[in-house]
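Asker: Dumping the structure here so I can ask a few things about it.
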Amino acid sequence: MFGIGKEKEIGTTLSPADHDGKADNADPQITGPETRVGGLEFNEYTQGGLGRHLGVFSTILLIVGAALLLWVLGLLLAGSGLAVWLELGCMIPRSGGEKVYLEAAFRRPHLLITVIFAVQAVALGCTASGCIVFASNMVLASGKEASEWEERGIAIGVISFITLLHVFFPNAGVRGMNAIGVIKIVLLVFIVVTGWVVLSGRVSSVQDPYASFHNSFAGSATSSNLYATALFKVLNSFAGWSNAAYVLNEIRDPVRTLKIAAPTGLSICGMLYLLANVAYYAAATPEEIANSGTTVASYFMRKVFGTAAERALSVLVAISAFGNVMTVTFAQARVNQELAKGGVIPFPTFWASSWPFGSPSSGLLLHFIPSLIVIVAIPFGDAYNFILDLEGYPSSIITSSSFWWPVAIFFMAGQAFQVVAPFIRPPGGKGDTSLPYWLYPVVGIVVLLCGVGYWGVWRVLMPVLGGYTLVPDHVALGDGTRVVVYRRVKGE
């Protein structure tokens, strides 16, 4: 698929292994040179931590849980991405997502692609946006005014609580994600059913439930910059489709589970999002929604049920955002741990640690730090949109590098559009924040270039100046986790 050279061989060497006599915890035995990408053998990467403990239900809700925050417009684009991700995940069922697939595709220069991904993942893989949504909706539900720093305090409390929960009570964290995922599904089903009632004409507060559908494309934007920016938000709402690939080390019978959970989770999201969109536009026209000064879901509830229902929905949206933070934190910490296992970030044995309860505690800390910085540093008025745009831009470059032929061409075309279009000047020169419209793609590119610079200093410049070479050693931590530690060896 992406030019490895022996992809068919990998795909045919998957076989169940006897792992403590439990078939559902079996690790597939992957052989061949491709399995050593990143420094460790496949089975070394999957050792330690909590082991394979996530089943089909938890994996479905891991995908659904992170996605049910915003409504979807890009189902086909996400579906094409999932189709490729599913094949790659079944070929190499190991945690890490893009890291694993990029290492297999781009072997030279050695570790360059891993370092670029590491800088992007650590710097931009935060969950500040979900914390901001939680804080804003809780303040709205209370009916009181809150200062920006009061909202920041709520957001900091959320990321702190969730980090500690995943560190000290990892199983409770998984159960919490499952519970909130179910709540999200129930909420979406309620909105969809309410939309059917509105379309039937039985809601007196909606005079014409078909007004939005008479001339659906009237007043549409003509700037590709605006469409690209909107698409970043759309794909963020569907971010859960790649979550399972980040935590495959912890999924029981990963190939079978991924084949069931991934398309099921994406199908649930796609169906509910599309039907929810119909419900929203049955209750209000695009002009009403744009001028409402609130989210489309909140305005929907206010229009149909009144102000009290709008506040109640704000609580549910806050809970949904809380679940989104839980899910992304859970997955991103595993990515950080995989990067540490590969030895490409400083102090790898510390960041790869699963002490004290098997969860990637240091990886969670590495996720917590940039999230905290973003919450504290970026003005709340522009924070949410800017963060989504900034996270999405370099991610488009990274993911498009992982995808090739044939269904992936559609996905790559969408990613290419998102890479180019943000530089096209929108009407009036203003994007969706008060910041310059070109700022987030520029910052995103700078982040990726920082990865190139770090690799050049670490792998090329310092060894030349210091007269040494970097030799990888495989180190086993106390819980069995295997880590690559690069040792400096002086030249003769």
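Asker: So if each residue of separation counts as 0.36 nm, and I subtract the Cα-Cα distance between A413 and V460, what length gain in nm does that give?
Answerer: My answer for the length gained is 13.5 nm.
Asker: Here is a further query. What translational diffusion coefficient, in µm²/s and rounded to a whole number, does the Stokes-Einstein relation yield for region 86-167 at 37 °C and a viscosity of 0.692 mPa s, taking the hydrodynamic radius as the Kirkwood radius over Cα pairs?
Answerer: Values: Rh = 15.7 Å.
It diffuses with D of about 208 µm²/s by this estimate.
Asker: For E87, E310, give the ranking by accessible area with the largest first, probe 1.4 Å. Don't skip to the answer; put the middle values down first.
Answerer: Values: E87 80, E310 20 Å².
Accessible-area ranking of E87, E310, largest first: E87, E310.
Asker: Treating region 341-492 as a set of equal point scatterers at the Cα positions, no solvent, please give the Debye-formula log₁₀ I(q)/I(0) at q = 0.16, 0.17, 0.21 Å⁻¹.
Answerer: Debye curve over Cα of region 341-492, log10 I(q)/I(0) at q = 0.16, 0.17, 0.21 Å⁻¹: -1.10, -1.14, -1.23.
Asker: Once ligands and nucleic acids are excluded and a 1.4 Å probe is used, how much of S142 is accessible, expressed in Å² to the nearest 10?
Answerer: Accessible surface of S142 is approximately 60 Å².
Asker: Extension gain S160-F305, at 0.36 nm per residue separation less the Cα-Cα distance, in nm?
Answerer: On the way: separation 145, 0.36 × 145 = 52.20 nm, distance 3.49 nm.
Answer, rounded to one decimal: 48.7 nm.
Asker: A further question on this structure: Counting C-alpha atoms alone, how compact is region 284-370: give Rg to one decimal and Dmax as a whole number, in angstrom.
Answerer: Computed over the Cα atoms of region 284-370, radius of gyration and Dmax are 20.3, 55 Å.
Asker: Hey, another quick one. Let's test the formula: R0 of 22 Å, r as the Cβ-Cβ distance of A377 and K144. What FRET efficiency results, to the nearest 0.05?
Answerer: Details: r = 25 Å, r/R0 = 1.15.
Efficiency, rounded to the nearest 0.05: 0.30.
Asker: If you average 1/r over every pair of different alpha-carbon atoms in region 440-492 and take one over that average, what Kirkwood value in Å do you get? Kindly include the intermediate steps, with their values, before the conclusion.
Answerer: Working: mean 1/r = 0.0749 Å⁻¹.
The answer is 13.4 Å.
Asker: Next question, about the same structure. Between L470 and T294, what is the label-point separation in nm under the 7 Å Cα-to-beta-carbon projection?
Answerer: 5.3
Asker: Can you compute the label reach from L274? Point 7 Å from Cα along the Cβ direction, backbone N cut-off under 18 Å, restricted to region 409-445.
Answerer: Within reach of a label on L274: 411.
Asker: Further, regarding this structure: Fully extended, how many nm does the chain gain between H110 and F423 (0.36 nm per residue separation, minus their Cα-Cα distance)? Let's see the in-between values first.
Answerer: On the way: separation 313, 0.36 × 313 = 112.68 nm, distance 3.15 nm.
Taking 0.36 nm per residue and subtracting the Cα distance, the gain is 109.5 nm.
The values are calculated or read from the model by the stated rules, or taken from the named source; none is laboratory data. Nothing here was measured: the structure is a model prediction, and the numbers come from that model. Note that each Cβ is placed from the backbone with ideal geometry, even for glycine, and that neighbours are counted across all protein chains shown. Note: accessible area is taken over every heavy atom of the protein model, side chains too, but ligands, DNA and RNA are not part of it. Shrake-Rupley method; radii C 1.70, N 1.55, O 1.52, S 1.80 Å.
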